[in-house]
Structure formats: C-alpha cells, structure tokens
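Data first, discussion second: the structure below is written as structure tokens.
The values are calculated or read from the model by the stated rules, or taken from the named source; none is laboratory data. Just so it is clear, the structure is predicted and the values come from calculations on it, not from any experiment. Backbone-built Cβ (ideal geometry, glycine too); neighbour counts: all protein chains shown. Keep in mind that these areas ignore ligands, DNA and RNA; they rest on the heavy atoms of the full protein, side chains included. Shrake-Rupley method; radii C 1.70, N 1.55, O 1.52, S 1.80 Å.
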Amino acid sequence: MIQVPFSPSRAALLLDFDGTLVDIAPTPEGVRVPEGLTADLLRLREMLDGALAIITGRPIAQIDHFLPGIPYAVAGEHGVAVRPAPDQDVRQCALPLVPSDWTAKSEELAVRYPGASIEHKKAGMVLHYRQAPEAESAFRDLTSIWPVESHGFHLQDAQMAIELRPLGIDKGKALEELMAEPPFRGRLPLFAGDDVTDRDGVRAARQMGGAGWLIPDDFPDAATFRRWLHELSEGRGWGA
C-alpha cells in the first residue's frame, strides 16, 4: 500500500472526481457514487480538520449533486469556478467566449455519429466520443482548423474526448489557490487524478512538498484507489 509520508495533522486531500472517486461512466450524468465512499470521505474530512477538496472538470453544481455537503471546498471546470468554503460565494474567472460557429459545427458533426455528444461549459466545451469512437477522427479534423489560442483557448485530450479549455486555467493553479485558504493553508497537499488534465494537479502538489498520484500509474483503477482511501480513513497508511 502507498504510504502517505506525513501525518493527517499536516495533510490536505484534494481529489479529482471522475475516474478517481467514481468509475468512468458512458455519460457524465450516468456515474454512480459507490456505497461507503461518502462515509470514508466524511471521516477523512474530520481527520484532516476540514482540509478535503474536490478539483474537477465538472461544474460545482454537479459535485454538490453527487457529493452533497461532503468536500469543504470545490474547484469546478478545472479551476474556472472555485468555492473555497461551504459558506462562501463561488469565485469565477474572466472567461473567453467560444465562437458560435465552433459550437454549431460541433453540434452538427455530433449528430452524424450516434452516441457522440457535445458538453457545453461556461469555459469551453467537450467533444465526447466514448460511445462513438468512429467520431474521433472527425472531431480532430474539425478542431484542428480552429485558431484556438487567438481566441484564448487550447485543446486538451481527455478520456475519449477532446476538450476546449481556456488558456491559463488548470487543476494545478486551482490546487494552489485552495492551498492558500484555510483550512488548507500551512498543510501539505495530497492530490490524485486519472487523466491528462490531472497531471497539472500532481505537479503542483509535488512542487509544494506534498504528493501526487495518477491512475493507472500509481493505482490500477478507481476501485483500488477507493480501497486505499478507506484504509486512510481508518487511520492506516499515514506517516509521522
């Protein structure tokens, strides 16, 4: 079992959601929160004096739906929106606008491939092809001609998807922002994720003296990671 190199009194836990806490589902709304996970997270939150956060590509409202009242803080859409405490307002970054023709052409293309879909976000969009793998090349051809940087965006590969994201916003910066706030401030971050977009969070956690892990590099799958979290919630696996 992976050992945390320090005690809970010095740690903060900041976690990705999809593919880390819950198994990847065919659609974003189809995920299921496994039995026992919320109890483990609540025990960890108490053990860490509140320093438990979710850093996700989803909007904050979706985390509130799946994990109501569980994390102390949530960073949504890779850090576009940050709620540093349960009783605080959501902070929103200034965002570029997705050109309307990009949106329209993406939707038109998705219709040609049953199972493909376009997920619209406040800060961009995601072209999903998990249920229509044959749509990948068409999506890539479409997005390759967009002058994304001149519009304030960049393209990021995700799990069976291509994501249009604003420049200068990522999970590493979201982690740094949360770590500057109580009850995270003064602690060492522990971050875990499963996707390309989570590498920024891993890098930031390590640079701050904490630790970061990726699925499947460090844990074979989300179920194994959840078992590890359960052990941590029972006081096992912590250093001095």
*Only residues that are among the aromatic types (Phe, Trp, Tyr) and over 13 Å from the mean Cα position of the chain (by Cα): list them for the stretch 159-192, please.*
PHE184
*asked:* For the stretch 154-185, give me each residue that is open to solvent by less than 40 Å² (accessible area, probe 1.4 Å), farther than 26 Å from ALA222 by Cα and at pLDDT below 95.
replied: PRO166
*Kindly establish whether GLU119 is under 17 Å from the mean Cα position of the chain (by Cα) and surrounded by 21 or more Cβ atoms within 10 Å (Cβ to Cβ).*
no
*So, in the stretch 186-240, of the ones that are of a type in the set (Val, Ile, Thr) and part of a helix (DSSP H, G or I), which residue ends up most open to solvent (accessible area, probe 1.4 Å)?*
VAL196
*Quick one: GLN156 ticks every box in (1) in contact with a Leu (Cβ under 6 Å, 6 or more places away or on another chain); (2) part of a strand (DSSP E or B) except a single one, so which number is it?*
(1)
*Report yes if GLU136 is open to solvent by 70 Å² or more (accessible area, probe 1.4 Å), in a helix (DSSP H, G or I) and not aromatic (Phe, Trp, Tyr), otherwise no.*
no
*Taking the residues in the stretch 122-133 that are crowded, with 20+ Cβ neighbours inside 10 Å and in a loop (DSSP other than H, G, I, E, B) as candidates, determine which candidate is modelled with the highest pLDDT.*
TYR129
*What pairs come up if the first residue lies in the stretch 64-80 and is closer than 16 Å to PRO34 by Cα, the second is of a type outside the set (A, V, I, L, M), and their beta carbons are under 7 Å apart, counting only those six or more places apart or on different chains?*
LEU67/THR38; ILE70/THR38
*How do the pairs read when you match residues in the stretch 85-101 that are over 16 Å from PRO59 (Cα atoms) with residues anywhere that are in a loop (DSSP other than H, G, I, E, B) and open to solvent by 80 Å² or more (accessible area, probe 1.4 Å), using Cβ under 9 Å and keeping only pairs 6 or more apart or on different chains?*
PRO96/LEU167
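Kindly establish whether LEU155 is under 17 Å from VAL196 (Cα atoms) and among the hydrophobic types (A, V, I, L, M, F, W, C).
Details: under 17 Å from VAL196 (Cα atoms): yes; among the hydrophobic types (A, V, I, L, M, F, W, C): yes.
The answer is yes for LEU155.
Can you go through ALA174, ALA158, ALA138, ALA132 and tell me which one is more than 30 Å from ARG83 (Cα to Cα) and in contact (Cβ under 8 Å) with a residue 24 or more places away in the chain?
Only one candidate qualifies: ALA138.
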